[in-house]
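See below for the structure under consideration.
Computed from the coordinates by the stated procedures, all read-outs in this text should not be read as laboratory data. Keep in mind it's a predicted model, so treat the numbers as computed, not measured. For neighbour counting, all protein chains shown are included, and Cβ atoms are generated from backbone atoms with ideal geometry for every residue, glycine included.
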Amino acid sequence: MKKSLSGHALSYWSGNGGNSYCNYTGITCNIQGQVTKLNISGWLVKGSLPPYVCSYLPELRVLDTSNNTFPGPVPDGIINCSLLEVLNMSSSYLSGKLPNFSSMKSLRALDLSYNLFDGDFPMSIMNLTNLEVINFNENTNLNYWELPENITRLTRVRTLVLSSTKVQGRILPSIGNMSSLVDLELSGNYLHGHIPPELGKLKNLRSLMLYYNLLTGNIPEELGNLKELIDLDMSVNKLTGRIPDSICRLPKLRGLQFYNNSLTGEIPSALGDSDSLSYLSIYDNYLTGVVPKNLGKSSTMLLLDLSENQLTGKLPPEICRGGKLLYFLVLSNKFTGEIPDNYAKCTSLVRFRVSNNQLMGSVPQGLFGLPHVSVIDLAFNQLTGPISPFIGNAKNLSEFFAQSNKISGALPPEIAGAVSLVKLDLSNNFLSGPIPTEIGNLKKLNLLLLRSNKLTSSIPDSLAELKSLNLLDLSCNQLTGNLPQSLSQLIPNSVDFSNNHLYGPIPLSLIKDGLEESFIGNPGLCVTAYTNSSDRRFPLCPQDYKQKRMNLMWVIVASVILLLVGAVLFLKRWLSKGRSLIGHDETMSSSFCSYDLKSFHRISFNQREILEAMVDKNILGHGGSGTVYRIGLSSGDIVAVKKLWSPNTKDNISKDQLFPDKELETEVQTLGNIRHKNIVKLYCYLSSFDCSLLVYEYMPNGNLWDALHKGKILSDWPTRHQIALGVAQGLAYLHHDLLPPIVHRDIKSSNILLDVDFQPKVADFGVAKVLQSKVGKDSSHTLIAGTYGYMDPDYANTSKATTKCDVYSFGVVLMELVTGKKPVEAEFGENKNIINWISTKVKTKEGAMEVLDNQISGLFRDDMIKVIRIAIRCTARAPVPRPTMNEIVQLLSEIDPCRFDSCKSTKKTKDTLDPTTLDKTFQL
């Protein structure tokens, strides 16, 4: 085994000093010195197991190799381990066909979960009548199969986990005869039909998991006979009828989840008397009536989610009596009355969402300052009163939504204490007074919406400090004064200052970016010069503005000259201090002026050629992490160079800052080693003390965002489909072909570049993550990467990045390609995005046709509808039902419009595009 495996943990196995192998870590022997147990679980070893392990270890009873890396099939010799009782090879990257297990008659526990097996499910295990544990969870590449009738032969089975293994057909009523069952999990499959009432005969059952299937009909009353039941989850099915009162009276029930079904009726009052219930999640149904008043009085609730129903009455006053409530989610109902005062004492809360109800009265002041809360959502109610200064105590608050209420008073300066805020929406209220200058301390702020209030005074310069801002809306207020010139440093996706009382010049950089409509309704605004036809709706600024600007320029020039003179005098004095510090000084100087080069491809240029060409006239644009240059080389080639912004300054240099960022170097090394036609090629990386340069291949057709929403150059569906498939293939490579996988975290159309043939290249992955994680010492584990409109809401809530985050964002990109619309547009409605809009439209055939981009649909409408279906699956609310990128590649390949040479004529359009359009510069 040591010869066929690699990993540091194998050093535990050493025979030095006459040490017997029976004393090795993970080895157990019988009194005869024969190995009976081999456990290397979680040793992080790689390679392949010896094919005939039991030929060498004939007395082996337990083999646990889980949580390691053994790519390839199950070793042939495993099935000859006739005495083996426990086989656990879960989470091992195993693949291929599963063997015939019939000869392993002694087997009591079989765990092959979280692998990559394909082919048929091994029906041979139905012959292993000693089995007590069967776990094949998350083997999503298997062929579709149905539960066999002879499964009831397994009378000793206590744990049966077949989740996400592509089981279809019906749940067999005869499973009710498998009386030893304690844990039955069939979730994430394609089971249909009714839930058999015979399951109510499983007297020992503690856990029943049937979520994410296609089950219909009523929930059987007979499940109320399961007196040992602790957890019941039938979410995301098509169940109808009422929640049985008998289930709600189960004495040990801890978790009850029926969300995303079509259940009706009231919540049984028996739940209010439960002394064991901790989790109740029944959102997205058609439930009516009031919530049991005593809910939470006798039990310690951890989670309550009643969202998206038609519930009425008051909020349950005792829900946090146990003092451990984490999630209180009741949005989109018809609740009335006030928020109970005792909610302000629920210090355990992490998420509090009561939006889209009919709540009134003032918000309990202490609720704003809960120490652990990350989301407060009060939007779309009739709440009144001020925002409490206690909000400064909410150090973990990342999202605060209170739009469309009647909240009044000033926005308290103490809000600057909520340092984790990422999203702040207080639109459509009665807030007055100035925007506090302290708001500039919210460095993580990604979204700031204050429109339609009564805010006065001027826009504070401190907004320019919000470098992460993507969306800024201050429209429809009573703001006055000049637009701060410092705002031109911001690069948000959208800004809106319209309908205020602003005056003076508009920063030219904002006008150039096509944001003219963001300034209308301010009669006093003007422009210093006309740069294009669209900004002529604003008058030229009077001469006095220009004179003031000229005076300001002279002041700046004079200040610069004084600073330079002072610097020269200081430098002269410093150099005269003697030669004792020369060695140290040379180290400092070289760190500022020289670049360390790491090359990942053969290059035909040198550092000097790159550095000398980094001048303003070659700037393509500015991104969230740096400035991008288009540089023509002496060889005739063109490259794109991104100069990464660094948080370091040359003042206050610490020892650790004298050298390039090792974390960034490691990340770039990973990117440089990636080879895929749909991943942008990173030629090299140049690093110095205060700056890092990334040299990429140049993409003449810019990025997908500009091509779709500005240039309008993607005028045929085959080209858009080619882009979708290429991006999917690139992401599939990152997710499934690399170990460990790479999660992009910021998939969006502006991060998809297009080469001369409109082949897509995914760009900008990983780098932004590293840069942002360096902003603060403790920010790497809390800062969420991503862009508004594309970000997976589950990721935003949990901060846990998985491959399914990228799948969600890719689904949004698919919707852009099919509709030609941006992820967020005014026509979708307030607080709605392209996902909400499409989900509403596709309920009818006519609506589905309306979402298609009518400029390109034509002969390809059916194919485009199929892509919409894929996009809807990608943007599922929960991560589990979203397809993998490998599945998406397969689905998109099956609907390739060029598969029958049906798109040859469309290529003419692409080939005859105006060359001036192709040469248009775009941001990398």
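Most tightly packed first, judged by the mean number of other beta-carbon atoms within 10 Å of their residues, the peptides 212-223, 69-80 read 212-223, 69-80.
Taking amide hydrogens as placed 1.01 Å from N in the peptide plane, the amide H of residue 383 sits under 5 Å from those of 406, each at least 5 positions away in sequence or on another chain. Once the convex hull of all Cα atoms in region 679-750 is built, its volume per residue stands at 132 Å³. From the alpha carbon centroid of region 327-354 to that of region 260-275 is 18 Å. Around the amide H of residue 191, modelled in the peptide plane, lie the amide H atoms of 214, all under 5 Å away and 5 or more residues distant in sequence or on another chain.
Between amide H atoms placed 1.01 Å from N, distances below 5 Å from residue 683 occur with 695, 696, 697, all of them 5 or more places distant or on a separate chain. Shape annotation for region 309-381: C-alpha extents along the principal axes are 29, 21, 20 Å, from largest to smallest.
Each residue of region 868-874 is assigned a 3J(HN,Hα), and the resulting list reads 4, 4, 4, 4, 5, 5, 5 Hz, derived from the Karplus form 6.51 cos²θ - 1.76 cosθ + 1.60 (θ = phi - 60°), x at Gly and Pro. How would region 93-179 be classified by its alpha-carbon gyration tensor: rounded, prolate or oblate, with rounded meaning a/c under 1.5 and the a/b versus b/c comparison settling the rest? Because a/c hits 1.5 or more and a/b fails to exceed b/c, region 93-179 counts as oblate. Here the Karplus relation 6.51 cos²θ - 1.76 cosθ + 1.60, evaluated at θ = phi - 60°, turns the backbone of region 105-117 into coupling constants of 5, 7, 4, 10, 9, 10, 10, 10, 5, 6, 10, 10, 5 Hz, with x for every Gly and Pro.
Spherically averaged projected area of the convex hull of Cα atoms, region 37-169: 7.1 nm². 3J(HN,Hα) couplings calculated from phi for region 378-385 with the Karplus curve 6.51 cos²θ - 1.76 cosθ + 1.60 (θ = phi - 60°) are, in sequence order, 10, 5, 6, 10, 10, 6, 10, x Hz; Gly and Pro show x. Per residue, the Cα convex hull of region 1-80 amounts to 90 Å³. Of the peptides 842-855, 411-424, the ranking by mean beta-carbon count within 10 Å, highest at the top, reads 411-424, 842-855.
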